[in-house]
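Right, one structure below, let's go through it.
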Amino acid sequence: MNKLLSSGFSRILKSKLFRLITALSAAYAVFMRVNIRNQEEYYAIKLPIDMGFFAMAVFIGIAIAVFASIFVGTDYSDGTIRNKITAGHKRTVIYLSNLILVSVSGMAFILAYCLSSFVTGAILQRWFSDDVLHLLLNSLICISLTIAYSAIFVFIAMLFQNRTSSAVICLLTSFIMLFASMSISQLLSAPEYYDNFIYDVNGDIVGYDDPIPNPDYPRGLKRELLLAANDVLPSGQALQVSQMYSDEFEFEYRLPLYSLAIIVLFTGTGIALFRKKDLK
Amino acid sequence: MNSKTEFVLTTDALCKQYKHFKALNGLSMHVPKGAIYGFVGKNGAGKTTLIRLICGLQEPTSGSYTLYGVPSQSKSISDCRKRMGAVVETPSIYLDMTALENLRHQYRILGMPTYDGISELLKLVGLENTEKKKAKNFSLGMRQRLGIAVALCGNPDLLVLDEPINGLDPQGIIEMRELILKLNRQRAITFLISSHILDELSKLATHYGFIDSGYLVKEISAQELESACRKCVRLKVSSLSVLCRVLDGMGIEYSVISDSEADVYGNVGVTALITSLASQGCDVISMHENDESLENYYVNLVGGKKEAASNE
């Protein structure tokens, strides 16, 4: 395993794609900070530095989808996966080393964003609004969802020997997950009731009647399922993390556990299938 | 091959089935230590499938193989593969890396403690002056040689090459041949080379295995093949019917090649034959000695097997 990780990390450090995504992550952080600074000036308010600190989580799925499919897919397209097997490495070890390499790369993208966000925030804004514990707990969710994303995309990339196919499937999956979570989030945040105002002839509010139920508000089992999907999907977790900051932070212990379940499910199935796979 | 011969690789009734297609059908072969084993067969005969199985890229449907005496079902077969190198179909190299980077990468995969020997490897395959040139800008021959250099990392005892001269220009073919011979002689590396370019293979191989439809039709050493290939004299005459009549009369074995040519086997008394032909008004237009080539041997072998199969 160490040999594969050592060779893999040296390959990652030389990878133009890795450098590009890292640079884009850092640049996105600067963009977000400037945006927040503009809001502060416009509304004449002070926003905490930890606002927008995890905004990168929303896009980390897309970044990992691109990186995993190209990084793992190159081993197939250049045929270099054969060198690993002929060198005596077991398939389980090859699979796990790829998972570790992609996960660490994903964390590096987030780290690049956070560092850039921190430095730019320190210059443009102020210190964190609350204690470091919240930041660390939020980071834990971020790390676990990054590994969960990696598990999903390494699974796809390891089972499709065609690099282009795996890149398309990974990207499509990441977008579908993201848009699904956005839709779920929108549904869940819909108000249960609309205010029912009573107006006079001039259009002024003169009183309130019983609130009107929102027909689009998901209720009962449907709401339970949507809540579960929002918590289980890494994209749903990412949206939740990106919107959290200290003032309204409440740590969801279930989220890292859901990520763990995804990691175990996809990696276990992936290893079982990869061990039986006929390679060319 | 005598019973004391040490084998690097043996296969026993190896089968590989893809859905309804049998790529290997009970293949048994023996690659002696130090040999250059030419694995001969047409496209789709099962050559690459066998190599994939040996390299651990695929699992056999049934049957087994041994690598340095270790059975394929053994857990230590992975460790055994460290003693072999392979170039399967296309060279396994990162195209966005230089030759040096590719070798360093392979050294890391193998867990070699230092990069000692890389410059010698580059020199051995003639890529010492490629410097910062990426492998994607290499010619096919250079990529093939880099693939071999990568396979040579870790000093393997067995090198498996799948169609190593496919697509190479004449100069590249000569360089590849010289490299294989050098590695076999200087480093005592055993080679398993699959090819359907028989003429080239005949310049290298010390042993042959002929495969057809996933089955090993014949396994033979180059020496045995040489004695099995019969010498003949090819005659071009003005009248084939007269030639046939004279040869039949002299009790000499022959085979008709065209309406004016025939191969005459055995020791031919040239003076007596030409005198007889001349007496019956048949002119000898040309005459030259002809060895039965590896190609003829292969065609006869595979054709013979097919005829036998169709007669059954």
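The values are calculated or read from the model by the stated rules, or taken from the named source; none is laboratory data. Fair warning: this is a prediction, and the values are worked out from it, not measured in the lab. We place every Cβ from the backbone using ideal geometry, glycine too, and count neighbours over all the protein chains shown. Heavy atoms of the whole protein, side chains included, go into the accessibility calculation; ligands, DNA and RNA do not. Shrake-Rupley method; radii C 1.70, N 1.55, O 1.52, S 1.80 Å.
Within segment B:156-171, if we keep just the residues that are part of a loop (DSSP other than H, G, I, E, B) and touching a Gly at 6+ places or on another chain (Cβ under 8 Å), the residue that is farthest from B:L103 (Cα to Cα) turns out to be B:D169. A single entry from A:V264, A:V201, A:V206 fulfils the requirement of being open to solvent by 30 Å² or more (accessible area, probe 1.4 Å), out of contact with any His (no Cβ under 6 Å at 6 or more places or on another chain) and assigned to a strand (DSSP E or B): A:V206. Of everything in segment A:89-124 that is modelled with pLDDT under 90 and open to solvent by less than 10 Å² (accessible area, probe 1.4 Å), the residue that is farthest from A:I21 (Cα to Cα) is A:G121. Scanning segment A:57-80 for residues that are in contact with a helix residue (DSSP H, G or I) (Cβ under 7 Å, 6 or more places away or on another chain), at pLDDT below 90 and open to solvent by less than 10 Å² (accessible area, probe 1.4 Å) yields one hit, A:A57. The set of residues in segment B:152-180 that are of a type outside the set (S, T, N, Q) and open to solvent by 30 Å² or more (accessible area, probe 1.4 Å) comprises B:D157, B:G167, B:D169, B:P170, B:I173, B:I174, B:E175, B:R177, B:E178.
Conditions tested, residue by residue: (1) within 13 Å of B:R145 (Cβ to Cβ); (2) within 8 Å of another protein chain (Cβ to nearest Cβ); (3) out of contact with any Phe, Trp or Tyr (no Cβ under 9 Å at 6 or more places or on another chain).
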site: B:R83; (1), (2), (3): no, no, no
site: B:Y107; (1), (2), (3): no, no, no
site: B:L122; (1), (2), (3): yes, no, yes
site: B:T130; (1), (2), (3): yes, no, no
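Scanning segment B:63-81 for residues that are of a type outside the set (S, T, Y), more than 7 Å from every other protein chain (Cβ to nearest Cβ) and open to solvent by less than 20 Å² (accessible area, probe 1.4 Å) yields B:L67, B:I77, B:C80. Residues in segment B:248-275 that are open to solvent by 40 Å² or more (accessible area, probe 1.4 Å), more than 23 Å from B:C229 (Cα to Cα) and polar (S, T, N, Q): B:T271, B:T275. Among residues belonging to segment A:10-56 that are aromatic (F, W, Y) and open to solvent by less than 70 Å² (accessible area, probe 1.4 Å), point out the one that is nearest to the other protein chains (Cβ to nearest Cβ). The qualifying residue nearest to the other protein chains (Cβ to nearest Cβ) is A:F18. Residue under question is A:Y217, and the condition is that it be surrounded by 15 or more Cβ atoms within 10 Å (Cβ to Cβ) and farther than 24 Å from A:G61 by Cβ; does it hold? Yes; evaluated as a whole, the condition is true for this residue. Scanning segment B:86-102 for residues that are within 7 Å of chain A (Cβ to nearest Cβ) and among the small types (G, A, S), which turns out nearest to B:A188 (Cα to Cα)? Among residues in segment B:86-102 that are within 7 Å of chain A (Cβ to nearest Cβ) and among the small types (G, A, S), the one nearest to B:A188 (Cα to Cα) is B:A86. Cβ separations smaller than 8 Å between residues 6+ apart or across chains give the following pairs from segment B:13-28 residues that are away from every other protein chain (no Cβ under 14 Å) to residues that are of a type in the set (F, W, Y) and open to solvent by less than 80 Å² (accessible area, probe 1.4 Å): B:L14/B:Y65.
Scan segment B:12-33 for residues that are surrounded by 16 or more Cβ atoms within 10 Å (Cβ to Cβ) and closer than 22 Å to B:N184 by Cα and jot them down. Passing the criteria: B:M29, B:H30, B:V31, B:P32. The criterion of at least 3 residues that are in the same structural domain as B:D12 (by TED's automatic domain parsing) and without any contact (Cβ under 8 Å) to a residue 12 or more places away in the chain is met by the following helices (runs of 4 or more DSSP H) wholly inside segment B:29-147: B:99-110, B:118-124. Checking each residue in segment A:51-79 for being outside any helix (DSSP H, G or I) and touching a Phe, Trp or Tyr at 6+ places or on another chain (Cβ under 9 Å) picks out A:M51, A:G52, A:F53, A:F54, A:A55, A:M56, A:D78. Pairing each residue of segment A:169-191 that is closer than 17 Å to A:I70 by Cβ with any residue that is of a type in the set (F, W, Y) and open to solvent by less than 20 Å² (accessible area, probe 1.4 Å), provided the two are 6+ apart or on different chains, yields C-beta distances under 7 Å for A:C170/A:F153. Residues in segment B:186-240 that are more than 11 Å from B:F39 (Cβ to Cβ), among the small types (G, A, S) and under 9 Å from the mean Cα position of the chain (by Cα): B:S202 alone. Here A:L159 passes the criteria (1) under 12 Å from the mean Cα position of the chain (by Cα); (2) surrounded by fewer than 18 Cβ atoms within 10 Å (Cβ to Cβ) except the one numbered (1).
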